[in-house]
Amino acid sequence: MEKKVEQGFLYDFYGPLLTEHQQKIYEMSVFDDLSLSEIAEQEGISRQGVSDLLHRCDKALAGYEEKLKLMERFLRNRERLEKLRGDVVDEKDKELLDAVLEEL
């Protein structure tokens, strides 16, 4: 899985466990695709400070996933539902599976 996609998934599941400051910096990096320099300038901190904070966030999010496995279970269940959808013939059942997949 591409690193940015994985970071996005991990943040979706565990982002609320980060501090507000960590969330803000992480979002600027991952979702807004700002450079370390741009973030540092906007936040009034050093590039090294931004880099350190992002590494701590990545480590924390990965640690949560290692313990809780929410992303792993989500991806596995989504894959199973997509496979099941391919095997379903009835249109109403397909629509129901589409609705479930959309909510995921």
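Laboratory data are not the source of any read-out in this text; all were calculated from the coordinates shown. All values reported here derive from a predicted model rather than from experimental measurement. No Cβ is skipped: glycine too gets one built from the backbone with ideal geometry, and neighbour counts run over all protein chains shown.
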Revision key, fill the gap. Measuring from the longest principal axis of the C-alpha atoms of the chain, the long axis of helix 47-68 (C-alpha) lies at a number of degrees, nearest 10, equal to 30 degrees
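With an 8 Å Cα cut-off and a minimum separation of 6 or more residues, compute the relative contact order for the chain in percent.
Details: 56 pairs, mean separation 24.6, N = 104.
Relative contact order for the chain comes out at 24 percent.
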Practice item. Please give the calculated 222 nm ellipticity per residue for the chain, where each DSSP H segment of at least 4 residues contributes -39500 (n - 2.57) and the sum is spread over every residue; nearest 500 deg cm²/dmol? Key: -26000 deg cm²/dmol
Exercise for review: Taking the chain as the reference, fit the longest principal axis to its C-alpha atoms, fit the long axis of helix 91-103 to the helix C-alpha atoms, and give the angle between the two in degrees, 0 to 90, nearest 10.
Suggested key: 10 degrees
Review point. If you take the square roots of the eigenvalues of the alpha-carbon gyration tensor of the chain and sort them as a ≥ b ≥ c, do you get rounded (a/c under 1.5), prolate (a/b over b/c) or oblate?
Key: prolate
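If the only charges are +1 at each Lys and Arg Cβ and -1 at each Asp and Glu Cβ, what is the size of the charge dipole of the chain around the Cα centre, to the nearest 20 debye? It would help to have the intermediate numbers written out before the result.
Values: 16 positive and 25 negative charges, 103 e Å.
Approximately 500 debye in magnitude.
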